[in-house]
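The values are calculated or read from the model by the stated rules, or taken from the named source; none is laboratory data. In this text, all values refer to a predicted model and were calculated from it rather than measured experimentally. Every residue, glycine among them, receives a Cβ derived from its backbone with ideal geometry; neighbour counts consider all protein chains shown. Surface areas here come from the heavy atoms of the whole protein model, side chains and all, with no ligands, DNA or RNA. Shrake-Rupley method; radii C 1.70, N 1.55, O 1.52, S 1.80 Å.
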Amino acid sequence: ALLLYTPEFYKVFWNSILIVGSILLFQLLVAVPSAWSFAKFRFKGKELLFNLYVVFMLMPFQIMMLSQYIVLDGMHLMNTRLSIILPAIFSTFPVFLIYRGFADIPDDVEDSARIDGANELQVLLHIGIPLGKSGILSCLVLSFLDLWNMVEQPLAFIKDKKLFPLSLYLPMLDISNVEIMLTAAIVILIPAVFVFIIGQDFLEQGIIATALKE
């Protein structure tokens, strides 16, 4: 009945898949090398820059909303999927979480690879990512759960209901049709539960590793 009587479900479901999938992909492309640099390289201002990352991570969306709105409006991206995707790609939380996993890797392992002739990209791909996968996968799980259920960002930056993600689907339904609303709530919940169950072990490992470090 949900799919038969509410055809807009297909649109919002596709919007969620496209938005969440794009964000997770590009988040990793940005966060993994950034976290590796913080964990393994020494450079001037490193501690200050990392502390700034932590500060931005702790800031709620309400504080960042105005600045994001001004930038997105200046780029003419308001009321598009990119208005949600672009700011989330540069989120600081994935960098912080993945950094903790990379920091646990002994320096001797990387130094041995460099002595054998591996460049920095090879060290990251063949040593950093395999040994730091618990942090990366726990980051994916937490980011998916957060992005799949986000409400404030699409409400602030998107006006066209055709571009709404699945998290805003329930308010679009007729409140008098309780059966449809209940079914929609269950369908929306299924992907989040599935991802949590699949990634639970990696999530626990990532949280434990983060708690044990400084």
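Some notes on this structure:
- Sequence-ordered 3J(HN,Hα) estimates for the stretch 8-15 from the Karplus curve with 6.51, -1.76 and 1.60 and θ = phi - 60° stand at 5, 4, 4, 5, 6, 5, 5, 4 Hz, glycine and proline given as x.
- Mean Cα-pair separation over length for the stretch 88-168, i.e. relative contact order, pairs under 8 Å, 6 or more apart, %: 32 percent
- In terms of the mean number of neighbouring beta-carbon atoms within 10 Å, the peptides 51-64, 94-107 order highest first as 94-107, 51-64.
- Total lysine pairs under 23 Å (Cα atoms) in the chain, excluding pairs fewer than 8 apart on one chain: 8
- With the simple model of a label 7 Å out from the Cα in the direction of the Cβ, K46 to A185 spans 5.0 nm.
- ³J(HN,Hα), Karplus 6.51/-1.76/1.60, whole Hz, each residue of the stretch 126-133, x for Gly, Pro: 9, 10, x, 5, x, 7, x, 5
- Taken one residue at a time, the phi angles of the stretch 39-48 give Karplus couplings (6.51, -1.76, 1.60, θ = phi - 60°) of 7, 10, 9, 10, 8, 5, x, 4, 5, 4 Hz. Gly and Pro are set to x.
- Where labels lie 7 Å past Cα in the beta-carbon direction, separation of M59 and L125 in nm: 3.5 nm
- The packing ranking of peptides 108-116, 16-24, highest mean first, is 16-24, 108-116, where packing means the average number of other beta carbon atoms within 10 angstrom of each residue.
- Ligands, DNA and RNA aside, K159 has an accessible area near 140 Å² when probed at 1.4 Å.
- Furthest towards positive pole of dipole, W36, P165, L137, structure part the chain, Cβ charges: P165
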